[in-house]
Amino acid sequence: MMAATEILLVVVLSVCVVLAQEQGRFIEFPRNTTAGLNLGAVFVCRFRGTAATAIVNGIRVEDRADVELIPYDFEPIPEGTYDLAIRVNASEANNNSEIWCQGFNPNVNSSRALLTVQGTLAAPSNVCAEAVNTTAISVTWSNPFTLDITNEDPDISNYTVYINNTSTGQNDTETTVATSFIFIGFAGEDHTPCHNYSFSVSANNVVGEGERSKEVFQRFGGEILQFVSIA
């Protein structure tokens, strides 16, 4: 039968072994992130050890002007844990950057995360303008490719539709719509002289307006009366 002092010694040794196993381990580590151009991308790590730093493309954050240390707003920090949060400028230069954390005492590296930067969008494709009746045209298009933005901003904010009366040389008429389907109403009936119209579309995101699509053409009577976006 074990004496009380022997039992106490076993318990103390067991606790020490558990604590030693906990040391040098990342509880939280950087995750792959996609951010809009020139926005801030946040990476966090929580390390069981005495200190840690973050590294962006092989350079410590202390030596980078485009990385900012920010307050770590998780729950209270457990004893023996070091928390770190950084904000990396999502610039073109930082696109496809590797980010990881390095812990000290003991020295260990976390897994690596990738920063992908989304700029303005490519042009929508498959733009089509079709007459619905004698006073309306429907314009449809396919969305451009977008990355999976992980902040609160939508991949596509809205679209800008450009219409030009090529018969009269009228400057672009434009409207912003939320969906990829729009009706354009025209004043006039069948007897109204026909005009040639061109249509093009761009997709907008948090960075700005994307590339404008190629023009499509439709011959139609009357002048533009109204736009109706259909969800």
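Among the listed residues Glu79, Glu75, Glu68, Glu92, identify the single one that is closer than 24 Å to Asp155 by Cβ and either at pLDDT below 95 or open to solvent by 60 Å² or more (accessible area, probe 1.4 Å) (or both).
Glu92
Would you confirm whether or not the stretch 33-56 contains a residue that is at pLDDT below 50 and surrounded by fewer than 16 Cβ atoms within 10 Å (Cβ to Cβ)? Checking the stretch 33-56: not a single residue is at pLDDT below 50 and surrounded by fewer than 16 Cβ atoms within 10 Å (Cβ to Cβ).
May I ask you to verify whether Ala136 is out of contact with any helix residue (DSSP H, G or I) (no Cβ under 8 Å at 6 or more places or on another chain), of a type outside the set (S, T, N, Q), open to solvent by 30 Å² or more (accessible area, probe 1.4 Å) and within 26 Å of Ile182 (Cα to Cα)? For Ala136, the condition - out of contact with any helix residue (DSSP H, G or I) (no Cβ under 8 Å at 6 or more places or on another chain), of a type outside the set (S, T, N, Q), open to solvent by 30 Å² or more (accessible area, probe 1.4 Å) and within 26 Å of Ile182 (Cα to Cα) - is not met.
The values are calculated or read from the model by the stated rules, or taken from the named source; none is laboratory data. All values reported here derive from a predicted model rather than from experimental measurement. Cβ coordinates were reconstructed from backbone atoms using ideal geometry, including for glycine residues, and neighbour counts include every protein chain displayed. We work out accessible area using only protein heavy atoms, side chains counted, and drop any ligands, DNA or RNA first. Shrake-Rupley method; radii C 1.70, N 1.55, O 1.52, S 1.80 Å.
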